[in-house]
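The values are calculated or read from the model by the stated rules, or taken from the named source; none is laboratory data. Given the structure is predicted, the values throughout are model-derived calculations rather than measurements. Cβ atoms come from the backbone with ideal geometry, glycine included; neighbour counts cover every protein chain shown.
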Amino acid sequence: MDAKQLAAAKALEYVTSGMKLGLGTGSTTRYFIDMLGTKLKSGELENIIGVPTSEKTASLARALKIPLGSLDEIEELDLAIDGADEVDPQLNLIKGLGRALLREKIVESHANEFIVIVDESKLVERLGTKGALPVEIVPFAAKAHLRWLNNLGCQAEQWMELDGTPAATDNGNYLAKCIFGGGIPNAHELAEKLAWRAGIVEHGLFLNMATRVIVAGDQGVHILERKK
């Protein structure tokens, strides 16, 4: 197994029959969903209901015959499993480079426990040091939103497809990538500014949400837990 598979396999140990699960989006979470499907098929797990965070995840789960539900029907989830693009020492995250940040945040905020699965390359001292912060914006006046984002101490650009068309989310919104040289100085302050700005639908800062992070690397798997 590679590191992503090891992390996914460890996360599966926290799943028991009868659970309602938030199913994340991304390459690491795909391993988890594959393994979950295998356990259900063999009968090792039963009566699982998954709530997907993207159409891609929903399609994969259906192919594996994992029963699906929605938050319209399910008041709270026992557990959510998802990957992350960056994890800091306080278990704050950057997520969303899989283009599903809004649905991920909605689903994971309804979970009693949120377990993040990553390989050790995703660990950082400060968020924003390795990659961009994704931000979901409405298509209306998209350039105006980009101008405002560029005043936050970052280089903001619209996320484009290879064919030159704007990248879009399952919600029909556009995405911006915000690059902070040296990382984000104050993630909580930035999150508050983004939350209050009209036209900014959601951002990829997942702060104080992860309860446990499963990290896999050359030396095996270790688990980080958020201090209460």
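Per this entry, K95 is not counted among residues that are within 20 Å of S27 (Cα to Cα), among the basic types (K, R) and over 11 Å from the mean Cα position of the chain (by Cα). Among the numbered conditions (1) farther than 15 Å from T29 by Cβ; (2) touching a Leu at 6+ places or on another chain (Cβ under 7 Å); (3) of a type in the set (D, E, K, R), the only one that D85 does not meet is (1). Scoring H222 on the criteria (1) closer than 21 Å to P89 by Cβ; (2) touching a strand residue (DSSP E or B) at 6+ places or on another chain (Cβ under 6 Å); (3) of a type outside the set (S, T, N, Q); (4) surrounded by 13 or more Cβ atoms within 10 Å (Cβ to Cβ) leaves a single failure, condition (4).
Failed condition for T28, given (1) more than 23 Å from A3 (Cα to Cα); (2) of a type in the set (V, I, T); (3) under 20 Å from the mean Cα position of the chain (by Cα), with all others met? Status for T28: all satisfied but (1).
Screening L97, L162, L102 for residues that are outside any loop (DSSP other than H, G, I, E, B) and surrounded by fewer than 24 Cβ atoms within 10 Å (Cβ to Cβ) leaves exactly one candidate, L102. Within the stretch 170-194, being surrounded by 15 or more Cβ atoms within 10 Å (Cβ to Cβ) and within 17 Å of K143 (Cα to Cα) holds for N173, Y174, L175, A176, K177, C178, L194.
Has the stretch 180-187 got at least one residue that is outside the structural domain of L101 (by TED's automatic domain parsing) and assigned to a helix (DSSP H, G or I)? Yes, the stretch 180-187 contains at least one residue that is outside the structural domain of L101 (by TED's automatic domain parsing) and assigned to a helix (DSSP H, G or I).
For the stretch 189-204, give me the residue count where each residue is within 20 Å of A84 (Cα to Cα) and either assigned to a loop (DSSP other than H, G, I, E, B) or at pLDDT below 95 (or both). Counting residues in the stretch 189-204 that are within 20 Å of A84 (Cα to Cα) and either assigned to a loop (DSSP other than H, G, I, E, B) or at pLDDT below 95 (or both) gives 1.
Selection within the stretch 15-60: residues that are small (G, A, S) and surrounded by fewer than 21 Cβ atoms within 10 Å (Cβ to Cβ). The member of this set that is nearest to M209 (Cα to Cα) is S27.
Counting only helices (runs of 4 or more DSSP H) wholly contained in the stretch 1-83, the ones carrying 3 or more residues that are touching a residue at least 24 places away in the same chain (Cβ under 8 Å) and of a type in the set (S, T, Y) occupy 27-42.
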